[in-house]
1. Could you say whether any residue in the range 83-90 is touching a helix residue (DSSP H, G or I) at 6+ places or on another chain (Cβ under 8 Å) and assigned to a helix (DSSP H, G or I)?
2. So, in the range 47-68, exactly how many residues are polar (S, T, N, Q) and surrounded by 13 or more Cβ atoms within 10 Å (Cβ to Cβ)?
3. For the range 297-312, which residues satisfy the criterion of being surrounded by fewer than 23 Cβ atoms within 10 Å (Cβ to Cβ) and assigned to a helix (DSSP H, G or I)?
4. Residues that are modelled with pLDDT of 95 or more and open to solvent by less than 20 Å² (accessible area, probe 1.4 Å), at least 1 per element: which helices (runs of 4 or more DSSP H) completely within the range 195-272 meet that?
5. Does the range 151-184 hold any residues that are of a type outside the set (A, V, I, L, M, F, W, C) and without any contact (Cβ under 8 Å) to a residue 60 or more places away in the chain, and which are they?
6. Pick out the one residue from L81, L93, L112, L75 that is farther than 18 Å from A45 by Cβ and open to solvent by less than 30 Å² (accessible area, probe 1.4 Å).
7. Suppose we keep only residues that are within 17 Å of I177 (Cα to Cα), touching a helix residue (DSSP H, G or I) at 6+ places or on another chain (Cβ under 8 Å) and not hydroxyl-bearing (S, T, Y) within the range 302-338. Which one would you say is modelled with the highest pLDDT?
8. Which condition number in (1) farther than 19 Å from E146 by Cβ; (2) without any contact (Cβ under 8 Å) to a residue 40 or more places away in the chain is the one that N86 fails?
Amino acid sequence: MGMHVRSWVAAVLAVAFAVVGAGTAVAEEPAPPLPVGKTFLDGFAHEFGDPNGNALGTNDWDCVPSQERPDPVVLVHGTVLNRHNNWSYLGPLLANEGYCVFALTYGNHADLPWPLNSVGGLLPMEDSAQQLSDFVDEVLVATGAEKVDLVGHSQGTLMPVWYVKFLGGNEKVDDYISLGPVYEGSHAFLLAASFELFEHVGVRQDVENLAHFVGCGACPQVLAGSDWIHTIQEAGVYADEVTYTNIMTRYEEIVLPHTSGYREAPNATNIVLQDHCANDFVEHAGIVNDPNAAWFVLDALDPGSAGPLECVFVPPILGWSPDPTIGNPTTEDAVVVSRPGA
């Protein structure tokens, strides 16, 4: 009988210790935030170290969207860039904010050896749009999400118009956020004027065919006045089902005029950075490393989540970010953004 009592007491004590131990277990430490790149050079360095890899924070195919962040974010790079070098800043920053982040390299000549095959945004934009469509479908299947949010830069703001308007992207995209958008085409470096002259003398199509032949079918398409621009203008750049945010800088040198990305609509918000942060002198390439632009990206993805806008001084240096954080001294003349339905 004594043996049974001792066994019973030992069992009770074991259960008690287990309960106490479970109640006092140390919570698992959260993973430290990913390092956020400051320039395109960070992306290039990472790519050279692992050409087949991805920008930090991107393409985790086991990522499960949370209730707070239900839409995966798909990053769409610009011309001659790729999933590495365009997103060394926003890729890890968005991942640190709890988003499932994905990025593709599109429009590259995949049959060429590295590093030539890493140069993206060269194929005709119709082809690249199909690549984006296939990639979004893969993201939706992997994550179980219903829709994605797109964040694009330069050509990555223009090519997805084709996907949304003509390839069913209107049913799969929730937010469409553009950095340095170019909906009207660009007049940079007198290229558009040159192609208008080619058209006047009847050789524009021949020159465009030559550009395609030498490997950059997208190059003439992004110019103001191209057939491609005319096509999307006639179809309408926006889709009613999608919410658009256009983020521009007055100090553009590629998208000229910078208002090429300014289009009003009930489902669109247009932001010129210098209307909100007078101390921001960022140009076209640097906008993807700009903390002020990043604040507007975060606010577009989840309005109100980014806190107050605290403007950072950004000098006019190619692709340079002064601080990979959002919090910095506030300028006194910041303008409040009004979003559709706000």
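The values are calculated or read from the model by the stated rules, or taken from the named source; none is laboratory data. None of these values were measured; they are calculated from a predicted model. FYI the Cβ positions are ideal-geometry reconstructions off the backbone, even for glycines, and counts take in every protein chain you see. Accessible surface is based on the protein model in full, side chains and every heavy atom, while ligands, DNA and RNA are left aside. Shrake-Rupley method; radii C 1.70, N 1.55, O 1.52, S 1.80 Å.
1. yes
2. Summing the residues that are polar (S, T, N, Q) and surrounded by 13 or more Cβ atoms within 10 Å (Cβ to Cβ) in the range 47-68 gives 3.
3. L298, D299, L301 - these are the residues of the range 297-312 that are surrounded by fewer than 23 Cβ atoms within 10 Å (Cβ to Cβ) and assigned to a helix (DSSP H, G or I).
4. Once the helices (runs of 4 or more DSSP H) in the range 195-272 are filtered for at least 1 residues that are modelled with pLDDT of 95 or more and open to solvent by less than 20 Å² (accessible area, probe 1.4 Å), what remains is 227-235.
5. Passing the criteria: Y163, G168, K172.
6. Going through L81, L93, L112, L75 in turn, the sole match is L75.
7. A306
8. (2)
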